[in-house]
Amino acid sequence: MSAPGLEIRGLIKRFGGLVAVSRFDLTVAPGEIVGLIGPNGAGKTTVFHVVAGFYPPTEGAIAFEGTSLVGLKPHAICRLGLARTFQLVQPFAGLTTLENVMVGAFNRAPDVGAARRRAAEIVEFVGLGPRRDVPARHLTLPDRKRLEVARGLATEPRLLLLDEVMSGLNPTEIEAIIGLIRRIHARGVSLLVIEHVMRAILALSHRLVVLHHGEKIAEGPPATVARDPLVIEAYLGESGEAAAR
Amino acid sequence: MAARLAPLLAAAALVALPPLMPKYALEVLISILFFGYLGACWNILGGYGGQFSFGHAAFFGLGAYTSTLLFLHWGVSPWIGMLAGGLLAAGFGLFAGYLSFRYGLRGPYFSLVTLAFAEMLRVVAVNWKAVGSSLGLVVPNRGSAPALFLFAEKLPYYYVILTMAVGALVITRAMERSRMGYALAAIRENEDAAEAAGVDALSTKLSAMALSSFLTALGGTFYAQYFSYIDPSLTFGPAISIGGLLPAIVGGAGTVTGPLLGSFVLTPISELTRAALRGRAGADIMLYGLVLILVISFLPNGLVGWIRARRAPAGGRR
Amino acid sequence: MTWLFLQAVVSGLLLGGVYGLVASGLSLIFGVLRILNFAHGAAMMLGMYPSYWLFVLLGVDPYLSILVTGPLFFGIGVLIQRIVIEPNRDAAEHNQLLLTLGVALFFENLALVLWQGDFRTVRVWYSGASFLVADVLVEVPRLVAAGGAVLIALGLWGFLRTTDVGKAIRALSEEPEGARLVGVNVARIRGVAFGIGSACVAVAGALVTPFFYVAPDVGESFNIMAFVVVVLGGMGNFLGALMGGFIVGLAESLGAAFLPGSLKQLVVFGLFVVVLLLRPEGLFGTRRGR
């Protein structure tokens, strides 16, 4: 009997002749924080796009809580309880912070009033309270990142996919996001996190999965994976800066 | 205080003054409300949904022809025919919309395909004897028959179009504040992000299309009953397609009052130009072109957007 | 039956040549400026008038008049681009579309105001000339128009391949960032591209005056045809536009031969919708995203 949560089995994603992801297996059990790491171009965001329904898998099975996600549109996947953020933040620029989050809240809220209440609570939770009525286009990058997370959280997911939510942030901001992720986890949301900020992902994850050229090269507790020679070589070989972070 | 009073005074004027107005002024006012109505209908899909249709005449024509044919052949009251036309137009809208959205047509491609659909309907009408081909259809008006949407005077038509225009505004406002309004705004801003947040983009856009096309078709019936004559190029042609979208753009796409305000500005310009340059057909549209260029260049959010920006630089959705 | 078919094919190819030139211009403009120029048909219609007036007032042959029309509309195109389009180059896509719509409305009706809606014709000595090729009638003016159009389009293609300006245009349409980095004067090239595109379509207008009526409403039908051709041939794909022109010409002509009334347009529009839905990059284009 399969455990609930996210289950990816044998995922292959090809773009024409290019194989972006190959024979990829991954599970995220309820209550877990799984880190997905790897050098740039490894295929991590592609995995997110496929899981969230933006690309169809070339081959393989993807199920969330027992329901197959293959062939479902992104909004249907969101309905099932799986939300995602984008690597390049995508706010609804003309809407205010609250309105942005309300869009997500409508996923479960039965009416406008309920959506607004839920969104207001989430806005406070992520620390954007003072920016509630500011149009998203006027938000700073760190605030946009929070907004992105808030919008995903408002959909009341059981699994949240975070894509490099810390990129472009300074150390203080990164600390704050680490705290936010912990608080989200404490609310009962499982997380699958793509990150390049090594110390953050090492600190947060229960388990790490390493992707390189579209293939999983390592998996295990953070401490073990961090010492894995294959992993170190993958990072050093591709770009010295990533490993040095 | 004055700001709050002004709309109320305007509303009161619109209701109370017309019986006192000279015939020509009343005609212009009807025209203003008519294009304001069309603009509001277009606005639902275009301004709020961000899908700029260049072929809304398709729905207009379907409405006009449906109610007229039902009336001419089976004596069905145009009030009922209006609804039938609306449903047919909504059906066509869903069909065209499904094809377009399902195949991911956005932006200019969507505009082009809607233009093509309108033109196709026009060509069909021109070549179909049963609907009158290019000679069109005449709606016989032998005097007052309110149950048959026929009036001997202009004044009752005025109140009909006034009700329709106000109705369109009320519907727009209700939609704006509803779940659908938020969904449309999200789609308009960023469709992929909207989908990721649980918004069913296809279904939402189709809803907007159905509502927009249904309401536009009602305008077609009004036109048929008011002018007593319809033909393919009048009802399916660019004059209606453009005539609907211009007020919305100029007044402010994606706002409740934009289309009506836009029509209050544009239609008198057109009338004055036509009156001043008698015999010089086209001068009014030429001015429209110029106004469009100027508005896009200097007031990209339309008049309403400009007014709001002067009042509250902070911005936001409303 | 076969004769009807052959006749339709010939007529279609002849008209298609002109469509191809019209679409090449539109395609060029789209490739560089990334906008659908709704004013294209208006430019074609306006391009007919210098030929008409030069003929009526000075007896200048329409084919000679393209020496005037071409440069004139190049200049007008550059001006329009500079004054109207360039200042708004960062505006939302749908707003840029509306901008060209505004230009179209302005110029179409300017013609109406200046010259009224009367149909005018340019009747030269060869207007009715024709010859038979195996029972198929070939009208000389149409042949010259098609030939001229194809020659100009090919010349343009050569220009784009060999000259510096041409290469800059291609660079800008294929790799905007790269072009900027190597020092292409983006603003100037955008103006030039719009100018060339407008000149092409205006010259196409001049070429058809011996057999087409001159009136302000001509622009609209050619506008739609131009879009159909460009969508078919592939947005931004120059030779594809030429091929698309022939395909549309054929579709329209065959439609006219076998369908009553003006239903031929349904064939063309139907083709248009199908291509838009199934292969929006055109039959010859490369996938660019919709």
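The values are calculated or read from the model by the stated rules, or taken from the named source; none is laboratory data. Values in this document were obtained by computation on a predicted structure and should not be read as measured data. Here Cβ is always computed from backbone atoms with ideal geometry, including for glycine, and neighbour counts include all displayed protein chains.
When the stretch A:57-73 is examined, which residues are found to be within 14 Å of chain B (Cβ to nearest Cβ) and more than 17 Å from the chain's Cα centre (by Cα)?
A:LEU72, A:LYS73 - these are the residues of the stretch A:57-73 that are within 14 Å of chain B (Cβ to nearest Cβ) and more than 17 Å from the chain's Cα centre (by Cα).
Restricting to the stretch A:36-53, give me the number of residues that are basic (Lys, Arg) and more than 14 Å from the chain's Cα centre (by Cα). Steps first, answer last, please.
Our first condition is that a residue be basic (Lys, Arg); within the stretch A:36-53, this holds for A:44.
Now restrict to residues that are more than 14 Å from the chain's Cα centre (by Cα): none.
So the count comes out to 0.
In this structure, is A:ASN40 in contact (Cβ under 8 Å) with a residue 12 or more places away in the chain and within 13 Å of chain B (Cβ to nearest Cβ)?
Numbers: in contact (Cβ under 8 Å) with a residue 12 or more places away in the chain: yes; within 13 Å of chain B (Cβ to nearest Cβ): no.
In short, no.
Check off (1) closer than 29 Å to B:LEU112 by Cα; (2) of a type outside the set (Phe, Trp, Tyr); (3) in a helix (DSSP H, G or I) for C:LYS167 and give me the number that stays unchecked.
Exception for C:LYS167: condition (1).
Which of the residues that make up the stretch B:197-224 are under 14 Å from the mean Cα position of the chain (by Cα) and of a type outside the set (Ser, Thr, Tyr)?
Quick first cut of the stretch B:197-224, residues under 14 Å from the mean Cα position of the chain (by Cα) only: B:208-223.
Result: B:ALA208, B:MET209, B:ALA210, B:LEU211, B:PHE214, B:LEU215, B:ALA217, B:LEU218, B:GLY219, B:GLY220, B:PHE222.
Looking at C:GLY233, C:GLY245 in this structure, which one is modelled with pLDDT of 85 or more, crowded, with 23+ Cβ neighbours inside 10 Å, within 17 Å of the chain's Cα centre (by Cα) and within 23 Å of C:LEU154 (Cβ to Cβ)?
On the way: C:GLY233 fails: modelled with pLDDT of 85 or more.
Every option except C:GLY245 fails the conditions.
Can you tell me which of (1) in a helix (DSSP H, G or I); (2) under 17 Å from A:GLU148 (Cα atoms) is the one A:ARG117 doesn't meet?
The failed condition is (2).
Which condition number in (1) assigned to a helix (DSSP H, G or I); (2) within 12 Å of chain C (Cβ to nearest Cβ) is the one that B:LEU105 fails?
(1)
Okay, residues lined up against (1) closer than 20 Å to C:SER221 by Cβ; (2) surrounded by 13 or more Cβ atoms within 10 Å (Cβ to Cβ); (3) more than 7 Å from chain B (Cβ to nearest Cβ):
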| residue | (1), (2), (3) |
| --- | --- |
| C:GLU93 | no, yes, no |
| C:THR100 | yes, yes, yes |
| C:LEU110 | yes, yes, no |
| C:GLN116 | yes, yes, yes |
| C:ARG120 | yes, yes, yes |
| C:ALA129 | no, yes, yes |
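Working only within the stretch B:85-137, note down all residues that are farther than 26 Å from C:LEU36 by Cβ and of a type in the set (Lys, Arg).
B:LYS129
Closer than 30 Å to C:VAL138 by Cα, at pLDDT below 90 and among the basic types (Lys, Arg) - does that describe any residue in the stretch C:75-95?
Going residue by residue through the stretch C:75-95, those that are closer than 30 Å to C:VAL138 by Cα are none.
Checking the stretch C:75-95: not a single residue is closer than 30 Å to C:VAL138 by Cα, at pLDDT below 90 and among the basic types (Lys, Arg).
Find the helices (runs of 4 or more DSSP H) located wholly in the stretch B:128-233 whose residues include 2 or more that are basic (Lys, Arg), and list them.
Numbers: elements: B:154-176, B:179-189, B:191-196, B:201-227.
Because the criterion is at least 2 residues that are basic (Lys, Arg), the helices (runs of 4 or more DSSP H) in the stretch B:128-233 that meet it are B:154-176, B:179-189.
So A:LEU160 passes all but one of these: (1) part of a helix (DSSP H, G or I); (2) within 19 Å of A:ARG79 (Cβ to Cβ). Which condition number does it fail?
Evaluating A:LEU160 over (1) part of a helix (DSSP H, G or I); (2) within 19 Å of A:ARG79 (Cβ to Cβ) leaves (1) as the failure.
Take B:GLY75 and tell me if it is away from chain C (no Cβ under 14 Å), touching an Asp or Glu at 6+ places or on another chain (Cβ under 7 Å) and surrounded by fewer than 24 Cβ atoms within 10 Å (Cβ to Cβ).
Values: away from chain C (no Cβ under 14 Å): yes; touching an Asp or Glu at 6+ places or on another chain (Cβ under 7 Å): no; surrounded by fewer than 24 Cβ atoms within 10 Å (Cβ to Cβ): yes.
Answer is no for this residue.
Any residue at all in the stretch B:138-158 that is of a type in the set (D, E, K, R), under 30 Å from C:LEU97 (Cα atoms) and surrounded by 14 or more Cβ atoms within 10 Å (Cβ to Cβ)?
Within the stretch B:138-158, the first condition is being of a type in the set (D, E, K, R), and the residues that meet it are B:142, B:153-154.
Restricting the remaining residues to those that are under 30 Å from C:LEU97 (Cα atoms) gives none.
No, there is no match, as no residue in the stretch B:138-158 is of a type in the set (D, E, K, R), under 30 Å from C:LEU97 (Cα atoms) and surrounded by 14 or more Cβ atoms within 10 Å (Cβ to Cβ).
Could you check A:ALA20 against (1) of a type in the set (Gly, Ala, Ser); (2) touching a Lys or Arg at 6+ places or on another chain (Cβ under 6 Å); (3) at pLDDT 95 or above; (4) over 30 Å from A:THR140 (Cβ atoms) and say which number it fails?
(3)
Given the conditions (1) at the interface with chain B (Cβ under 10 Å from one of its Cβ atoms); (2) touching a His at 6+ places or on another chain (Cβ under 6 Å), and given that C:LEU266 satisfies all but one, which numbered condition is not satisfied?
Unmet for C:LEU266, out of (1) at the interface with chain B (Cβ under 10 Å from one of its Cβ atoms); (2) touching a His at 6+ places or on another chain (Cβ under 6 Å): (2).
Does B:ALA248 meet the test of being aliphatic (A, V, I, L, M) and farther than 30 Å from A:LEU98 by Cα?
Values: aliphatic (A, V, I, L, M): yes; farther than 30 Å from A:LEU98 by Cα: no.
So B:ALA248 fails the test.
Name the residues in the stretch A:47-91 that are in a loop (DSSP other than H, G, I, E, B), closer than 19 Å to A:ASP25 by Cα and among the charged types (D, E, K, R), would you?
Hit for the stretch A:47-91 is A:GLU65, nothing else.
All but one of (1) closer than 13 Å to C:GLY47 by Cβ; (2) away from chain B (no Cβ under 14 Å); (3) over 13 Å from the mean Cα position of the chain (by Cα) hold for C:PRO216, so report the exception by its number.
The failed condition is (2).
With the structure loaded, tell me whether A:ALA109 is within 14 Å of chain B (Cβ to nearest Cβ), closer than 26 Å to B:ALA185 by Cβ, free of Cβ contacts under 8 Å to residues at least 24 places away in the same chain and small (Gly, Ala, Ser) or whether it fails that test.
Numbers: within 14 Å of chain B (Cβ to nearest Cβ): yes; closer than 26 Å to B:ALA185 by Cβ: yes; free of Cβ contacts under 8 Å to residues at least 24 places away in the same chain: yes; small (Gly, Ala, Ser): yes.
Answer is yes for this residue.
Please enumerate the residues belonging to the stretch A:124-164 that are more than 12 Å from chain B (Cβ to nearest Cβ), surrounded by 22 or more Cβ atoms within 10 Å (Cβ to Cβ), touching a residue at least 60 places away in the same chain (Cβ under 8 Å) and farther than 15 Å from B:ALA193 by Cα.
A:LEU159
Does A:ALA76 qualify as being surrounded by fewer than 20 Cβ atoms within 10 Å (Cβ to Cβ), within 8 Å of chain B (Cβ to nearest Cβ) and modelled with pLDDT of 95 or more?
Working: surrounded by fewer than 20 Cβ atoms within 10 Å (Cβ to Cβ): yes; within 8 Å of chain B (Cβ to nearest Cβ): yes; modelled with pLDDT of 95 or more: yes.
Yes; evaluated as a whole, the condition is true for this residue.
For the stretch B:263-305, which residues satisfy the criterion of being more than 14 Å from chain C (Cβ to nearest Cβ) and modelled with pLDDT of 90 or more? Talk me through it step by step, then tell me what you get.
Residues of the stretch B:263-305 more than 14 Å from chain C (Cβ to nearest Cβ): B:263-265, B:267-268, B:271-272, B:275, B:303-304.
Correct list: B:SER263, B:PHE264, B:VAL265, B:THR267, B:PRO268, B:LEU303, B:VAL304.
Check off (1) in contact with a strand residue (DSSP E or B) (Cβ under 8 Å, 6 or more places away or on another chain); (2) free of Cβ contacts under 8 Å to residues at least 12 places away in the same chain for A:HIS49 and give me the number that stays unchecked.
Only one criterion in (1) in contact with a strand residue (DSSP E or B) (Cβ under 8 Å, 6 or more places away or on another chain); (2) free of Cβ contacts under 8 Å to residues at least 12 places away in the same chain is unmet by A:HIS49, namely (1).
Which members of the stretch C:219-230 meet the condition of being hydrophobic (A, V, I, L, M, F, W, C) and either more than 9 Å from chain B (Cβ to nearest Cβ) or surrounded by 23 or more Cβ atoms within 10 Å (Cβ to Cβ) (or both)?
First, pick out the residues of the stretch C:219-230 that are hydrophobic (A, V, I, L, M, F, W, C): C:222, C:224-230.
Of everything in the stretch C:219-230, those that are hydrophobic (A, V, I, L, M, F, W, C) and either more than 9 Å from chain B (Cβ to nearest Cβ) or surrounded by 23 or more Cβ atoms within 10 Å (Cβ to Cβ) (or both) turn out to be C:PHE222, C:MET225, C:ALA226, C:PHE227, C:VAL228, C:VAL229, C:VAL230.
Which one of A:VAL89, A:VAL101 is surrounded by 24 or more Cβ atoms within 10 Å (Cβ to Cβ) and at the interface with chain B (Cβ under 10 Å from one of its Cβ atoms)? Can you show your working first?
Details: A:VAL89 fails: surrounded by 24 or more Cβ atoms within 10 Å (Cβ to Cβ).
Exactly one residue qualifies, and that residue is A:VAL101.
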